[in-house]
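To keep things clear, I will list the structure first and then write my remarks on it.
The values are calculated or read from the model by the stated rules, or taken from the named source; none is laboratory data. It should be emphasised that the depicted structure is a prediction, and the values quoted were computed from it without experimental measurement. Neighbour counts are summed over all protein chains in view; Cβ atoms, including those assigned to glycine, are modelled from backbone coordinates with ideal geometry. Only protein heavy atoms, including side chains, enter the accessible area calculation; ligands, DNA and RNA are left aside. Shrake-Rupley method; radii C 1.70, N 1.55, O 1.52, S 1.80 Å.
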Amino acid sequence: MNAALLYALAGVVLFAVGVAGLLALPHLLRKILAFNILGSGAFLVLVGLGQRDGVVDPVPQAMVLTGIVVAIAATALALALARHLYERTGRMQLPESRGAEPESRDD
Amino acid sequence: MLAAAGLALALGHAILQLPQAAVSLPTQVAGNMGQSGVEHPVTAVLLNFRGYDTLLEVAVLLLAFFGVMALSQTQSMCPAEPAHALLQALARLLAPLMVLVAGYLLWIGAYAPGGAFQAGAVLAAAGVMLRLAGLLPAWAQPGRLLRTGLVAGLLVFVVVALIALGQGVLLQYPSSAAGTLILLIETGLALSIGLTLSGLYLCSMETRA
């Protein structure tokens, strides 16, 4: 067990936390945050595994750099969509996670 | 909660069981560094060996920006609320320094950690800071100059890729000109990434009615 493997395992924990948050939390802002934590976990796994032999592999590092930018773009779009939803409906939840209140909306 | 813990345990177990990689990528990268035109392996991978990734990533960034811009409901350029005078003075002082740092990061990317993305992030931070200090209006409809800047990085990248295509393979630069081409692409990218990232913020920061 070296430090790189420890990074990868910490990344796994972050990933699991992110998945749990994404599935369990109804609030959209929390979902977006959980999605980011999930992504950070995946990045940590990639970078950690990329240097577990003691040699730093530049390929996963470049992939993670690409991934970070894509994650930022996705987060910004998600936030804009969430905000739009809030302005339209006054809610910060997806329709299906409203749960046990089947309103009759005739539109 | 229990399921998440189970997921973490299963994934952690899988990671510990992973076999050694069949192909040693670091050796391959190190072996081809001479033809890459730059001296830092991550930059070489990003802009030469796996240029596709970076090209498409910039396209994704631009698409996300289009999405945000389409959702933004600003009707007109709304001037920023003026902030405290001290904050404004500090922002005026810091902004040129940040541009300088971005230029340095861009240049040093060929030799050390740094490059277009880091430079673009610093530029974007400067934009957001100026906005927060009330020195920059929100973008309602980006003008022609701004639009050109937004797509410049992707356009330069695509043009270079197409020229390289004429000589055989997409995004395979001739090794003699690779350094210059990469610096050219990175300059365009840094500018566009800076504008796009700050635009993601500036476009969605309209004031409420």
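Please work out if B:Ala177 is open to solvent by less than 40 Å² (accessible area, probe 1.4 Å), at pLDDT below 80 and more than 14 Å from chain A (Cβ to nearest Cβ). Please lay out each step first, then the result.
Details: open to solvent by less than 40 Å² (accessible area, probe 1.4 Å): yes; at pLDDT below 80: yes; more than 14 Å from chain A (Cβ to nearest Cβ): yes.
Yes, satisfied.
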*Residues of segment A:1-58 satisfying the condition of being in contact with a Pro (Cβ under 8 Å, 6 or more places away or on another chain) and either buried (at least 20 other Cβ atoms within 10 Å of the Cβ) or assigned to a helix (DSSP H, G or I) (or both)*: A:Leu46, A:Val47, A:Leu49, A:Gly50, A:Asp57, A:Pro58
*Hey, B:Leu46 open to solvent by less than 70 Å² (accessible area, probe 1.4 Å) and modelled with pLDDT of 80 or more or not*: yes
*Residue within segment B:6-22 that is touching a Pro at 6+ places or on another chain (Cβ under 8 Å) and open to solvent by 10 Å² or more (accessible area, probe 1.4 Å) present*: no
_Looking only at segment B:1-27, filter to residues that are under 30 Å from B:Tyr173 (Cα atoms) and more than 9 Å from chain A (Cβ to nearest Cβ); which one of those is modelled with the highest pLDDT?_
B:Val23
*What are the pairs, 6+ residues apart or on separate chains, where a residue within segment A:44-55 that is within 8 Å of chain B (Cβ to nearest Cβ) and over 15 Å from A:Phe15 (Cα atoms) has its Cβ under 7 Å from a residue that is assigned to a helix (DSSP H, G or I) and open to solvent by 40 Å² or more (accessible area, probe 1.4 Å)?*
none
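If I filter segment A:1-59 down to residues being among the polar types (S, T, N, Q) and within 11 Å of the chain's Cα centre (by Cα), which single residue comes out as farthest from B:Leu47 (Cα to Cα)? Quick ask: steps written out before the conclusion?
First, pick out the residues of segment A:1-59 that are among the polar types (S, T, N, Q): A:2, A:36, A:40, A:51.
So of that shortlist, the ones also within 11 Å of the chain's Cα centre (by Cα) come out as A:36, A:40.
On the way: A:Asn36: 25, A:Ser40: 23 Å.
Going through the qualifying residues, I end up with A:Asn36.
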*Kindly list, by first and then second residue, each pair from a residue in segment B:31-42 that is within 12 Å of chain A (Cβ to nearest Cβ) and free of Cβ contacts under 8 Å to residues at least 24 places away in the same chain to a residue that is in a loop (DSSP other than H, G, I, E, B) and of a type in the set (D, E, K, R), limited to pairs with Cβ atoms under 8 Å and residues at least 6 apart or on different chains.*
B:Met33/B:Glu39
_Given (1) more than 22 Å from A:Gly67 (Cβ to Cβ); (2) modelled with pLDDT under 80, identify the lone condition not met by B:Met98._
(2)
*For segment B:77-91, indicate whether the set of residues that are at pLDDT below 90 and within 13 Å of another protein chain (Cβ to nearest Cβ) is non-empty.*
no
